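The values are calculated or read from the model by the stated rules, or taken from the named source; none is laboratory data. Keep in mind it's a predicted model, so treat the numbers as computed, not measured. Glycine gets a Cβ as well: all are built from the backbone with ideal geometry, and neighbour counts include every protein chain shown.
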Amino acid sequence: MLYSLYELGHMSVAPLRIAAMMQSSMLRSPFNPVADTDVARAVAAASELFESVTRRYPKPDWKLPFTKVNGVEVAVTPESEWSSPWCEMIHFKRDADALRSARGDRTDPSVLLVAPMSGHYATLLRGTVEAFLPEHEVYITDWSDARTVPLMSGRFDLNDYVDHIIAMLRTIGPETHVVAVCQPGPAVLAAVSLMSADNDPCAPGTMTIMGSPIDARKSPTTPNKLAEKRDLDWFRKNMIHTVPALYPGAFRRVYPGFLQLASFMGMNLARHVDAHNEYFQNLVKGDGDGADKHREFYDEYLAVMDLTEEFYIQTLEDVFQRYSFAKNEFMHRGERVDARAIANTALLTVEGENDDISGIGQTQAAHAICAGIPEAMQRDYIQPGVGHYGVFSGRRFRTEVYPRVRDFMRTFQSPASRNVQRGKLRVVGGS
């Protein structure tokens, strides 16, 4: 019912949104004699602000037409290399001729970025992809919006998520480097554990886990406490709703993206109010650069996707209530997943000093769980001065976090290099 009411509200305000767009265009027209007056600019800005906060934001484009390799511009084309109804693995394919000219005989390692399926689209990691592109063959998990997947495609839960990661790693091949950004950390840990236990030749050479709730009992944040405070029945009754008939996934039970967005916004409401007030002021002043930066951020931030009921509930239960991954008790297809099976995949954990979603220590917990990885093949890094998103995006990610991740991958990029490193001491809190 809530989902239908939400859609009804969106449709009912559509005429007002159209009128606001027309009013803004009319007031800003160069043929309007009052266009440069304070009143006209203020009303036009208010109209544009109203349109922006009532709009439905579609899935953003990748907007990565090229990268620079050794100063040479190389065209980039996102291509689907593997797919299911629930995910596409996108390969950011660089133009072969330009790449050969720019890098010579150098071979770039393959990296699978596992994007979170927690409300936002994989394009939220655009900056992460951009940082890796000059020196890596980059792949990313582009998860589907549950409201677009027909019921006949079946269920999708946390175990399916793990299976998808394994399938994608096998598609890319041996010596891939896998990077789990935020929410998928436990699932990636499970996938690598299962592959290692089976002596799978496609088990990744390195595993980097960034800002992830491997053990949500450590430094619990507001989302962690909420997940622990309520039982699963409460979440089913209050957070799970039915997709309306106008979508391909009609009648599927989901955790709607608009509820997740409301949670995100509520955690930092004052900051978002201030941002929209600044946007209004920039529109009034005619500060196009400031207004464009606001649009660029919120076009991404306000584009949200639905999660299936079974994935959402199982994640709550296993990650945030039973702590199954932290206890090495997670069950996958009748088999207990034991992270101690990982012995040949090097591990790097990255956390943000001010992370208010995955607190300090939650990601670091992976080191204790992965007891089979030699200490010489483990690294841990805490990035000063950043929150959750700063762990994988922004200036400090590009200049301080990414170089450490890149160097870590280079250090352990082959079986021979991992064997060499086994005799060295583990580095904690540093490079």
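Look through the range 175-190, keep the residues that are surrounded by fewer than 24 Cβ atoms within 10 Å (Cβ to Cβ) and more than 16 Å from the chain's Cα centre (by Cα), and return whichever of them is farthest from Val162 (Cα to Cα). I'd like the intermediate steps shown before the answer.
Of all residues in the range 175-190, those surrounded by fewer than 24 Cβ atoms within 10 Å (Cβ to Cβ) come to 175-176, 183.
Among the residues that remain, those that are also more than 16 Å from the chain's Cα centre (by Cα) are: 175-176.
Working: Glu175: 19, Thr176: 16 Å.
Checking each candidate, the answer is Glu175.
Tell me, which residue of the range 194-214 that is small (Gly, Ala, Ser) and under 14 Å from the mean Cα position of the chain (by Cα) is farthest from Glu351 (Cα to Cα)?
Taking the range 194-214 as the starting set, the residues that turn out to be small (Gly, Ala, Ser) are 196-197, 203, 205, 211-212.
Next, from what is left, pick out any that are under 14 Å from the mean Cα position of the chain (by Cα): 211-212.
Numbers: Gly211: 5, Ser212: 8 Å.
Result: Ser212.
Considering the range 295-310, and only residues there that are touching a His at 6+ places or on another chain (Cβ under 8 Å) and assigned to a helix (DSSP H, G or I), the residue that is farthest from Tyr3 (Cα to Cα) turns out to be Glu300.
Okay, residues lined up against (1) touching a residue at least 24 places away in the same chain (Cβ under 8 Å); (2) of a type outside the set (Val, Ile, Thr):
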| site | (1), (2) |
| --- | --- |
| Phe311 | yes, yes |
| Asn328 | yes, yes |
| Ile373 | yes, no |
| Met377 | yes, yes |
| Ile382 | yes, no |
| Glu400 | no, yes |
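Against the condition outside the structural domain of Ser118 (by TED's automatic domain parsing), modelled with pLDDT of 90 or more and more than 15 Å from Tyr6 (Cα to Cα), how does Arg271 come out, does it pass?
Values: outside the structural domain of Ser118 (by TED's automatic domain parsing): yes; modelled with pLDDT of 90 or more: no; more than 15 Å from Tyr6 (Cα to Cα): yes.
So Arg271 fails the test.
Of all the numbered requirements in (1) out of contact with any Gly (no Cβ under 6 Å at 6 or more places or on another chain); (2) over 22 Å from Leu261 (Cα atoms); (3) at pLDDT 95 or above, Gly288 misses one, and that requirement is (3). Could you list, in sequence order, the residues of the range 239-261 that are of a type in the set (Ser, Thr, Tyr) and touching a Lys or Arg at 6+ places or on another chain (Cβ under 8 Å)? Hits for the range 239-261 are Thr242, Tyr247.
Residue selection: Asp407 fails the criterion of being acidic (Asp, Glu), in contact with a Leu (Cβ under 9 Å, 6 or more places away or on another chain), at pLDDT 95 or above and in the same structural domain as Asp198 (by TED's automatic domain parsing).
A quick yes/no check of all residues on (1) in a loop (DSSP other than H, G, I, E, B); (2) in contact with a Phe, Trp or Tyr (Cβ under 7 Å, 6 or more places away or on another chain):
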residue: Asp289; (1), (2): no, no
residue: Tyr312; (1), (2): no, yes
residue: Phe325; (1), (2): yes, no
residue: Asp356; (1), (2): yes, no
residue: Gly372; (1), (2): yes, no
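One line per residue, one yes/no per condition, for (1) free of Cβ contacts under 8 Å to residues at least 12 places away in the same chain; (2) of a type in the set (D, E, K, R); (3) at positive phi:
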{"position": "Leu226", "(1), (2), (3)": "yes, no, no"}
{"position": "Lys229", "(1), (2), (3)": "yes, yes, no"}
{"position": "Arg252", "(1), (2), (3)": "no, yes, no"}
{"position": "Gln260", "(1), (2), (3)": "no, no, no"}
{"position": "Val273", "(1), (2), (3)": "yes, no, no"}
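If I filter the range 280-293 for residues that are buried (at least 19 other Cβ atoms within 10 Å of the Cβ) and outside the structural domain of Met409 (by TED's automatic domain parsing), do I get at least one hit? The answer is yes, given that some residue of the range 280-293 is buried (at least 19 other Cβ atoms within 10 Å of the Cβ) and outside the structural domain of Met409 (by TED's automatic domain parsing).
What number of residues within the range 337-351 satisfy the criterion of being of a type in the set (A, V, I, L, M), under 14 Å from Ala191 (Cβ atoms) and assigned to a loop (DSSP other than H, G, I, E, B)? The qualifying residues number 2.
Taken together, Ala346, Ala371 contain a single residue that is small (Gly, Ala, Ser), closer than 25 Å to Gly205 by Cβ and surrounded by fewer than 17 Cβ atoms within 10 Å (Cβ to Cβ), which is Ala371. Selection within the range 1-33: residues that are among the polar types (S, T, N, Q) and in a helix (DSSP H, G or I). The member of this set that is surrounded by the fewest Cβ atoms within 10 Å (Cβ to Cβ) is Ser12.
Here Thr221 passes the criteria (1) modelled with pLDDT under 95; (2) in contact with an Asp or Glu (Cβ under 6 Å, 6 or more places away or on another chain); (3) surrounded by 20 or more Cβ atoms within 10 Å (Cβ to Cβ) except the one numbered (3).
Looking at the structure I just gave you, is Ala262 over 23 Å from Val149 (Cβ atoms) and in a helix (DSSP H, G or I)? No. Counting only strands (runs of 3 or more DSSP E) wholly contained in the range 53-94, the ones carrying 2 or more residues that are under 21 Å from the mean Cα position of the chain (by Cα) occupy 72-84, 87-94.
May I ask you to say which residue of Asp338, Asp356 is closer than 29 Å to Gly390 by Cβ and either in contact with a strand residue (DSSP E or B) (Cβ under 8 Å, 6 or more places away or on another chain) or acidic (Asp, Glu) (or both)?
Details: Asp338 fails: closer than 29 Å to Gly390 by Cβ.
Answer to the check: Asp356.
Checked against (1) touching a strand residue (DSSP E or B) at 6+ places or on another chain (Cβ under 8 Å); (2) buried (at least 19 other Cβ atoms within 10 Å of the Cβ); (3) not assigned by TED's automatic domain parsing to the domain that holds Glu329, Tyr247 meets all criteria but (1).
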